[in-house]
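Undergrad: Mind looking over this structure? Questions follow.
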Amino acid sequence: MPTLAAAKTSNAGYCPSYLPVAVIFGGTSGIGQAITQTLAEYLKGRVHIVIVARNKVAADNIIASLPKPADSEAAGSKYEFMACDVTLMKGVHAACRELSERLPKINFLVLSAGVFAFTGREETEEGIDKKMASRYYSRWAIINGLLPSLRKAKEAGEDASVLSILGAGMGPEVDLKDLGLKKGYLRGIAG
Ligand SMILES: NC(=O)c1ccc[n+]([C@@H]2O[C@H](COP(=O)([O-])OP(=O)(O)OC[C@H]3O[C@@H](n4cnc5c(N)ncnc54)[C@H](OP(=O)(O)O)[C@@H]3O)[C@@H](O)[C@H]2O)c1
């Protein structure tokens, strides 16, 4: 793993010839917000960022604080908010359809939306558990739905990557007979 100093140096030198498009689920707080701000700062506003979350006021405040590009580099640069509750797959599919239709490509897809809670299984109106929806089902659905847009970037020779922020390597062995965690909820979700 590179050192923090090496990562910072590499980030500081990042200056692609094209205008990157980033979609950041969970960009209104914590790690997603920090990624949004860092990307905008290193690129000096020469970027199109879509923050996807529920809290529009928080997104608007973050967007107001982000650097604006110089006039000569402003073409295509944009910050915007899209409302989506990742615990409801109907809304997740609709958001992905809209993003695929509207964006020319996606270079960076960040999946950071989620809640940390010690409560037990809580079913959504779609019959799946809320935490599983934000941590697993929505992330799979988003990657699947936006893969064609990521491929467009890749095929143009540009960066195309997905970053999923959760708790890597902490889970217990998967019970393939209980993937929806209807029986072993705490054992499955706590890790
Ligand atoms: N920080 C930790 O120690 C830690 C540990 C383990 C796992 N994680 C996971 O890592 C990720 C990032 O952590 P963090 O500390 O940066 O989280 P955070 O500060 O709580 O931010 C969570 C983000 O997810 C969004 N979000 C929450 N519920 C949502 C929903 N139903 N639909 C759409 N967006 C939703 C929030 O935006 P809105 O409120 O605007 O919707 C916010 O932007 C989270 O998924 C978290 O569960 C964090």
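The values are calculated or read from the model by the stated rules, or taken from the named source; none is laboratory data. Just so it is clear, the structure is predicted and the values come from calculations on it, not from any experiment. Glycine gets a Cβ as well: all are built from the backbone with ideal geometry, and neighbour counts include every protein chain shown. These accessible areas exclude ligands, DNA and RNA; they are computed on the full protein's heavy atoms, side chains included. Shrake-Rupley method; radii C 1.70, N 1.55, O 1.52, S 1.80 Å.
Undergrad: Can you tally the net charge around residue 14? Count Lys and Arg as +1, Asp and Glu as -1, for every other residue whose Cβ sits under 12 Å from the Cβ of residue 14.
TA: Spelling it out: positives minus negatives among the neighbours equals +1.
Undergrad: Which whole number of Å³ per residue matches the convex hull of the alpha-carbon atoms in the chain?
TA: 140 Å³
Undergrad: Can you tell me the relative contact order of the range 78-179? Whole percent, Cα pairs under 8 Å, sequence separation 6 or more.
TA: Taking the mean separation of contacting Cα pairs over the length of the range 78-179, I get 36 percent.
Undergrad: If you roll a 1.4 Å probe over the chain with all protein chains in place, what percent of the accessible area is carbon or sulfur?
TA: Looking at the chain in its full context, I get 58 percent from C and S.
Undergrad: When a/c is below 1.5 the answer is rounded, else prolate if a/b is larger than b/c, else oblate, so apply that to the range 50-92 with a ≥ b ≥ c taken from the square roots of the Cα gyration tensor eigenvalues.
TA: oblate
Undergrad: Within the set of other residues whose C-beta is less than 12 Å from the C-beta of residue 158, count the net charge using Lys and Arg as +1 and Asp and Glu as -1.
TA: My count for the surroundings of residue 158 gives +2.
Undergrad: Here's another thing I want to ask about it. Return the subset of 56/154; 90/183; 90/177; 105/131; 44/130 for which the Cα-Cα distance in this structure is over 27 Å, preserving the input order.
TA: 56/154; 105/131; 44/130
Undergrad: Could you order the peptides 76-84, 117-125, 137-145 from most to least packed, using the average number of other C-beta atoms within 10 Å per residue?
TA: Answer by packing, highest mean first, reads 137-145, 76-84, 117-125.
Undergrad: Moving on to the next point. What is the spin-label model distance, in nm, from residue 156 to residue 173 if the labels are put 7 Å beyond Cα along the C-beta direction?
TA: 4.7 nm
Undergrad: Averaged per residue, what accessible area in Å² does the chain show with a 1.4 Å probe, protein chains only?
TA: Normalised by residue count, the accessible surface of the chain is 58 Å².
Undergrad: Using a cut-off of 15 Å between beta-carbons, work out the net charge of the residues near residue 79 (Lys and Arg +1, Asp and Glu -1, residue 79 not included).
TA: +2
Undergrad: So what does log10 I(q)/I(0) come out to for the range 72-119 at q = 0.28, 0.32 Å⁻¹, using the Debye formula with one equal point on every Cα and no solvent?
TA: So the normalised log intensities work out to -1.29, -1.37.
Undergrad: Hey, what did the chain get for relative contact order, percent, Cα under 8 Å, at least 6 apart?
TA: Dividing the mean separation by the residue count of the chain yields 20 percent.
Undergrad: On to the next question. Is the shape of the range 1-87 rounded, prolate or oblate, going by the alpha carbon gyration tensor and its root eigenvalues a ≥ b ≥ c, with a/c under 1.5 for rounded and a/b larger than b/c for prolate?
TA: Oblate is the answer for the range 1-87, as a/c is 1.5 or above yet b/c matches or exceeds a/b.
Undergrad: Ok, one more. Determine the percent antiparallel among the DSSP beta bridges restricted to the chain, to the nearest 5.
TA: Expressed as a percentage, antiparallel bridges in the chain total about 5.
Undergrad: For labels at residue 140 and residue 123 in the simple 7 Å Cα→Cβ model, what's the distance in nm?
TA: Spacing of the two 7 Å Cα→Cβ label points: 1.9 nm.
Undergrad: Also, I was wondering about something else. Note the angle between two axes, namely the Cα long axis of helix 56-65 and the longest principal axis of the Cα atoms of the chain, as a number of degrees from 0 to 90, rounded to the nearest 10.
TA: That helix lies at roughly 30 degrees to the long axis.
Undergrad: If you fit an axis through the alpha-carbon atoms of helix 30-42 and take the longest principal axis of the Cα set of the chain, what angle between them do you get, 0 to 90°, nearest 10?
TA: Helix 30-42 and the main axis of the chain meet at about 10 degrees.
Undergrad: OK, next. Starting from the Cα-Cα distance between residue 31 and residue 6, subtract it from 0.36 nm times their residue separation and give me the gain in nm to one decimal.
TA: Residue separation times 0.36 nm, minus the Cα-Cα distance, leaves 7.0 nm.
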